[in-house]
Amino acid sequence: MKLLKFNILTLAVITWAQASGQVVLRNDGKMNVAGGFLNLVGNYQNETSGGITIDGTIKLTGDWTNNTTGNIIESPGNNGEVIFAGSSTQTIGGSATNYFAFEKLTVNSGAIVQLTAGKAVTAYGASTFTSPLVLKTTTGRQPLTATFINNSTVTGNISADMYYYGTGTSAKTGGRTWYCSPPTSNATAAVFNVAGGANLMSWYNTATGAYVRITTNATTLNPMQGYELRAAASNTFNFTGPPNTGTFPLSNMKGIGSQDGFYLMGNPYPSVLDWSQITMTNLYTTLWYRTMNPSNQMVYDTWNGSIGTNNNGTASVDGKIPPMQSFWVCVIGGLTGAMSFDNTARTHDWGSAPFIKSAKLNNFDALRIGIVGNGSKDEQIIMQIEDAKDSMDRWDALKLFLNQPSIAEIYTLSSEKKRLVIQAVAPVTSDKSFPLGLKIGQAGNYKFVAGLNDSRPGFTYFLEDKQQNVLQDLSLNPEYDFTSNVVNDTAGSRFVIHVKTILKPDDPTNRPVTETNPVIIYTSGQQIIIKQCPVGSDIMVYDALGRLVYETMAETDFKVISTNLQNGYYIIKVIDRSKVISRIVPISF
């Protein structure tokens, strides 16, 4: 193959040029197609910091490859055109960037142009797809697709692939449900051949609270609406048609009577949908995903606009909704809701995790507490944020239950007794408790696992097991094993999360050592050591909840107390006549 390397190539308006073989821009090479026509019989490849300025036309028969961190077309407008005109498969891809900007983009008749899975194309000028632009997908449990955004008109079709991971059965129990939505304007149930009977497809009727089965291939699949699909076998399904673009509104959203109303919505675009850019009226700011965990169990994950759960086992979800993904929203009971998607909500931003994305957290404190058992995890989040209230508000997220005996579920309660998967409160200034609702369908061994990566200094979280009379400091030991019978504890009668504010250095009960206050208190493992202790003074040891767990008297001015207390922080008080000296100290095995 002939290899042509350029540092600078300029084609004027009156110029026609042809290159055969592979054209490579290396070492900051630049190409300026100021007008005219460049015909590449072969591949184009960008290396290092190469780039193209284009107001003319580039026609190629091979691949369009970018191995740089920047875009091939620099400062894209809408005048230059790239035409794919090969007779065999042409690939848009590369190793170092996921984003490709084009001005005018054309796929000639007979050309097969594939955008690599995980890559993204934005067309700033008019697109003409006489043959479809193919958006490829990866395979596996949580596939990653290619994405497309048009900022001008599109004539012709895209062809969007989506991989379905089957478990060998289409049954509700044991099977996998794909919550999907169409990215093209002409989609029908024929995409899944529902008439054949092997693939089961339904939509959710909010007015009746029931699913409606789709049995005919001619049924139109509506943009913005979500659907559930169950199939026994793994398969790559394909939507071919004009890409959805523009505004998609939905009004008159209501629950049944005064109840909250859940709607199964869908991302209508062949791109990622940014939840933060969606217009909503009288809806909770929460969205719920139905997804699969590593044990092939269907679970819920929840995003409240600031933080998301990680029951899927890959990453914490956020408001970046993948293409062809459906999701749940909820209109507030007794109110009439509305929502609208438009082109400003489209993005290529997937994040670092396949299928779903983990968001950077800030401006609040959060505890994640998950119950683990039978190969699954169900996560509860307690967050402190400045704008939150203790009563139900926009930061709180309702709990959606799986009702599967093999999956244990936990939740907290709002002041209105609504069950929450994410509970937000104002920053804690005094000790606060959160009883945990518990739903276990199979007796056995379980474990709580705490995540404190989003917790800021100033707070300590404790798990209390009232049945076993155990109080555990989750910062010292984030895991707690327990056994349970089948239980549906709606009041949180066994487990409670306690949030304790840590004494600050200027707190009068945490007195420093001075000439008038010479008592020194510290610990070594399970031992509490007190130096310069007033003889005859009382020594009291309290746990983090303020319960007295040990008391003694100082017979000498050097006191060593051996304990068998659980790991955690304890308050040591030395009381001598009218003077009280307090310290918060850690005790560990």
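The values are calculated or read from the model by the stated rules, or taken from the named source; none is laboratory data. Treat the numbers as computed from the prediction; the structure is a model and nothing was measured. Please note: Cβ atoms are built from the backbone with ideal geometry, for glycine as well, and neighbour counts cover all protein chains shown.
Which residue, of Y446, Y411, is at pLDDT 90 or above, in contact with a Ser or Thr (Cβ under 7 Å, 6 or more places away or on another chain) and of a type in the set (S, T, Y)?
On the way: Y411 fails: in contact with a Ser or Thr (Cβ under 7 Å, 6 or more places away or on another chain).
Every option except Y446 fails the conditions.
Can you say whether V134 is out of contact with any Phe, Trp or Tyr (no Cβ under 8 Å at 6 or more places or on another chain) and either of a type in the set (D, E, K, R) or assigned to a strand (DSSP E or B) (or both), as far as the supplied structure shows?
yes
How many residues does the range 207-226 contain that are modelled with pLDDT under 95 and either within 16 Å of F237 (Cβ to Cβ) or of a type in the set (S, T, N, Q) (or both)?
Of the residues in the range 207-226, 1 are modelled with pLDDT under 95 and either within 16 Å of F237 (Cβ to Cβ) or of a type in the set (S, T, N, Q) (or both).
I need the full set of residues from the range 104-113 which are on the phi < 0 side of the Ramachandran plot and surrounded by fewer than 20 Cβ atoms within 10 Å (Cβ to Cβ), in order please.
Passing the criteria: N108, S109, I112.
Any idea how many residues of the range 205-259 are part of a strand (DSSP E or B) and basic (K, R)? Break it down into steps so the answer makes sense when it comes.
Residues of the range 205-259 that are part of a strand (DSSP E or B), as a first pass: 205, 210-214, 220, 225, 227-230, 235-241, 243, 248-253.
Still in the list and also basic (K, R): 213, 230.
Of the residues in the range 205-259, 2 are part of a strand (DSSP E or B) and basic (K, R).
So which residues in the range 529-548 are under 20 Å from D473 (Cα atoms), at pLDDT below 90 and surrounded by 14 or more Cβ atoms within 10 Å (Cβ to Cβ)?
Of everything in the range 529-548, those that are under 20 Å from D473 (Cα atoms), at pLDDT below 90 and surrounded by 14 or more Cβ atoms within 10 Å (Cβ to Cβ) turn out to be Y542, D543, A544, L545.
Output the residue which, of all residues in the range 152-185 that are at pLDDT 95 or above and in a loop (DSSP other than H, G, I, E, B), is farthest from the chain's Cα centre (by Cα).
For the range 152-185, the residue satisfying everything is T153.
Identify all residues within the range 98-120 that are touching a residue at least 60 places away in the same chain (Cβ under 8 Å) and of a type in the set (A, V, I, L, M, F, W, C); write none if there are none.
A120
Name the residue, out of T155, T220, T145, that is loosely packed, with under 14 Cβ neighbours inside 10 Å, of a type in the set (S, T, Y) and in contact with a Phe, Trp or Tyr (Cβ under 9 Å, 6 or more places away or on another chain).
Checking each option against the conditions leaves just T155.
Applying the selection to the range 29-50, what residues are under 24 Å from A96 (Cβ atoms) and not in a strand (DSSP E or B)?
E47, T48, S49, G50
Given the condition out of contact with any strand residue (DSSP E or B) (no Cβ under 9 Å at 6 or more places or on another chain) and of a type outside the set (S, T, Y), answer yes or no: does some residue in the range 425-435 qualify?
For the range 425-435, residues out of contact with any strand residue (DSSP E or B) (no Cβ under 9 Å at 6 or more places or on another chain) and of a type outside the set (S, T, Y): absent.
Going by the conditions given, is Y446 assigned to a strand (DSSP E or B) and surrounded by 20 or more Cβ atoms within 10 Å (Cβ to Cβ)?
No, not satisfied.
Given the condition touching a Leu at 6+ places or on another chain (Cβ under 7 Å), part of a strand (DSSP E or B) and either under 26 Å from Y284 (Cβ atoms) or not assigned by TED's automatic domain parsing to the domain that holds Y569 (or both), answer yes or no: does some residue in the range 454-462 qualify? I'd like the intermediate steps shown before the answer.
First, pick out the residues of the range 454-462 that are touching a Leu at 6+ places or on another chain (Cβ under 7 Å): 454-455, 461-462.
Then keep just the ones that are part of a strand (DSSP E or B); that gives 461-462.
This time we only want the ones that are either under 26 Å from Y284 (Cβ atoms) or not assigned by TED's automatic domain parsing to the domain that holds Y569 (or both), so: 461-462.
Yes.
Given the residues V421, V425, which is the only one that is of a type outside the set (S, T, N, Q), buried (at least 19 other Cβ atoms within 10 Å of the Cβ) and without any contact (Cβ under 8 Å) to a residue 60 or more places away in the chain?
V425
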